[in-house]
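Here is the structure we will look at.
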Amino acid sequence: MSRLTLDDLLDQLEQARQMAIEERKPTAMIQATATMAKLTGYDRPQLKDVNADAVQTISNLMNELANDDQLLTQRISHAKDEY
């Protein structure tokens, strides 16, 4: 018994897509293309690699602002200039 590989499945879907194009069946073509996207992961949004240590929580930001009046004034001024 042979196992199907991802390449085998993609080849079969491409054949089905080409048949759908030739037979002017856009729904079948779209379905084959969508299935190919699912198999290859292109149907999901790409996530950015984020360094968790670089992410500042709102709680930490609020504590930082509360402990530094000058920093708070600078950030408020910056926010006013930006918006």
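The values are calculated or read from the model by the stated rules, or taken from the named source; none is laboratory data. Just so it is clear, the model here is predicted, and its values are computed rather than measured. FYI the Cβ positions are ideal-geometry reconstructions off the backbone, even for glycines, and counts take in every protein chain you see. All accessible areas refer to the heavy atoms of the entire protein, side chains included, with ligands and DNA or RNA removed. Shrake-Rupley method; radii C 1.70, N 1.55, O 1.52, S 1.80 Å.
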Worksheet, complete the sentence: Per the 1/(1 + (r/R0)^6) rule, R0 = 30 Å and r from the Cβ atoms of E22 and S2, FRET efficiency to 0.05 is 0.60
Item to complete: Considering only protein heavy atoms, with the full assembly of protein chains and a 1.4 angstrom probe, order S59, S2 by accessible area, largest first.
Response: S2, S59
